[in-house]
Amino acid sequence: MQRTLVMIRHAKSSWVNPLQSDFERPLNERGKREAPEMAAKLKQAGISPDLVICSTAKRTRQTAKRICEVLGYDMANVRWEEKLYHCIPSVFEELLYEVDEKVNTVFIIAHNPGITEFVNQLSPAFSIDNMPTCGITCAHFDTDEWNMFNSADKEVFLFEYPDKKNDAQ
């Protein structure tokens, strides 16, 4: 069975209040604008979640809300995971091992540097220096069970981020 994993880094956060804790930093205006724009790209590509797993940090919660609104995903069904906050790559795998077999497409919304390290492990044919804010990496793989994720051959078929068209010029 073909499965799809969509890794999303939170949108651009605000640094207006230097005394605010990192965990409680909200999105800035650019982040609030770019998250729904990126969700629209996913929608246009026909990619929608069966399950959204998200860090509990404020900026990831706000990113999830904007993405879910565009894709019509009920926020009440988001699985909130505190351990995604600045996690190491193995935490992503651990969470995927717990996904129900009825789920075909999982979105994970999290943070750097772990998300960059994790997506670079998906396929030898894919490598990035940095997952940009609101960056999206999508991979297909065939397996009957999510707990076989690690041993499945994965193909990254989409890497998108807000300023991609400007970077290509």
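The values are calculated or read from the model by the stated rules, or taken from the named source; none is laboratory data. Quick caveat, the model's predicted, so the values are computed rather than measured. Cβ sites come from the backbone with ideal geometry, for glycine too, and all protein chains shown count toward neighbours.
Results, tabulated for the structure shown:
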{"quantity": "Single residue of segment 7-24 satisfying the filter (within 18 Å of the chain's Cα centre (by Cα) and in a loop (DSSP other than H, G, I, E, B)) that is nearest to Gln121 (Cα to Cα)", "calculated": "His10"}
{"quantity": "Count - residues of segment 95-139 that are closer than 20 Å to Lys164 by Cβ, over 12 Å from the mean Cα position of the chain (by Cα) and not aromatic (Phe, Trp, Tyr)", "calculated": "8"}
{"quantity": "Subset of segment 67-98 that is surrounded by 16 or more Cβ atoms within 10 Å (Cβ to Cβ) and among the aliphatic types (A, V, I, L, M) - its residue that is nearest to Ile8 (Cα to Cα)", "calculated": "Ile67"}
{"quantity": "Considering residues of segment 35-66 that are within 27 Å of Glu24 (Cα to Cα) and among the small types (Gly, Ala, Ser) only, the residue surrounded by the most Cβ atoms within 10 Å (Cβ to Cβ)", "calculated": "Ala35"}
{"quantity": "Residues of segment 1-34 satisfying the condition of being out of contact with any helix residue (DSSP H, G or I) (no Cβ under 6 Å at 6 or more places or on another chain) and either crowded, with 22+ Cβ neighbours inside 10 Å or under 16 Å from Val70 (Cα atoms) (or both)", "calculated": "Arg3, Leu5, Val6, Ile8, Gly31, Lys32, Arg33, Glu34"}
{"quantity": "Any hit, segment 67-90, residues being under 21 Å from Phe159 (Cβ atoms), at pLDDT 95 or above and basic (Lys, Arg)", "calculated": "no"}
{"quantity": "Filter result for the condition that a residue is touching a strand residue (DSSP E or B) at 6+ places or on another chain (Cβ under 6 Å) and part of a helix (DSSP H, G or I), over Thr60, Thr4", "calculated": "Thr60"}
{"quantity": "Some residue of segment 110-133 being in contact (Cβ under 8 Å) with a residue 60 or more places away in the chain and either of a type in the set (Gly, Ala, Ser) or farther than 29 Å from Phe23 by Cα (or both)", "calculated": "yes"}
{"quantity": "Among residues of segment 68-107, those that are free of Cβ contacts under 8 Å to residues at least 24 places away in the same chain, farther than 16 Å from Ser48 by Cβ and of a type in the set (A, V, I, L, M, F, W, C), counted", "calculated": "2"}
